Amino acid sequence: MNRVSYDFIGENQTNNKLDITYAHFNGIALYRQQNYVTTLSLGLGGTHFDAEQGSEELYPSASVTLGTRYEFTPQMALVTELRAYATLIDEDDALFCQQNMCSANFSDSLWIDSSIAVGIAIKF
């Protein structure tokens, strides 16, 4: 599960907020080479859009992840991850609308999002 928040200035020049939650079931393939591990993951699930105006929608989505793990010691590793999400949306949904006034609209039927993570993993 991954959650992101976006702030944007809407068509009516007001500040708006959009919270997106991705929930996916993933399959992971591990490719090990001594202290270095490459991971490839494919996932299917849903994306929950929650607009500040009180509108909420749930759409089907998929994800692809490419990651690495370099183990310095058996207890510590450097971890990186590049993740891409593709969500099928309905452009005609009134997600950003309240009382016939809309602050934004979807311009396409496919929402693409991505994230990059870098960190240290420690085993206890």
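Of note:
- Within the range 1-27, being at pLDDT below 95 and of a type in the set (A, V, I, L, M) holds for MET1, VAL4, ILE9, LEU18, ILE20.
- Scan of the range 75-119 for residues that are of a type in the set (A, V, I, L, M, F, W, C), in contact with a Phe, Trp or Tyr (Cβ under 9 Å, 6 or more places away or on another chain) and assigned to a strand (DSSP E or B), ordered by number: ALA77, LEU78, VAL79, ALA86, LEU88, CYS102, TRP111, ILE112
- The set of residues in the range 57-71 being exposed (fewer than 14 other Cβ atoms within 10 Å of the Cβ) and either in contact with a His (Cβ under 7 Å, 6 or more places away or on another chain) or free of Cβ contacts under 8 Å to residues at least 12 places away in the same chain (or both) consists of LEU58 alone.
- Restricting attention to the range 5-42, the residues that are farther than 29 Å from GLU71 by Cβ and in a strand (DSSP E or B) total 13.
- Considering the range 1-48, and only residues there that are of a type in the set (Gly, Ala, Ser) and surrounded by 12 or more Cβ atoms within 10 Å (Cβ to Cβ), the residue that is farthest from the chain's Cα centre (by Cα) turns out to be GLY10.
- Qualifying residues in the range 49-74 (those that are among the polar types (S, T, N, Q) and part of a strand (DSSP E or B)) - the one farthest from the chain's Cα centre (by Cα): THR73
Residue by residue, here is whether (1) closer than 25 Å to ASN16 by Cβ; (2) acidic (Asp, Glu); (3) without any contact (Cβ under 8 Å) to a residue 24 or more places away in the chain holds:
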| site | (1), (2), (3) |
| --- | --- |
| GLY45 | no, no, yes |
| HIS48 | yes, no, no |
| GLU52 | yes, yes, no |
| SER55 | yes, no, no |
| LEU82 | no, no, no |
| GLN98 | yes, no, no |
| ASP108 | yes, yes, yes |
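- Each residue in the range 81-109 was checked for being more than 17 Å from THR47 (Cβ to Cβ), crowded, with 16+ Cβ neighbours inside 10 Å and modelled with pLDDT of 80 or more, and 1 pass.
The values are calculated or read from the model by the stated rules, or taken from the named source; none is laboratory data. None of these values were measured; they are calculated from a predicted model. Cβ sites come from the backbone with ideal geometry, for glycine too, and all protein chains shown count toward neighbours.
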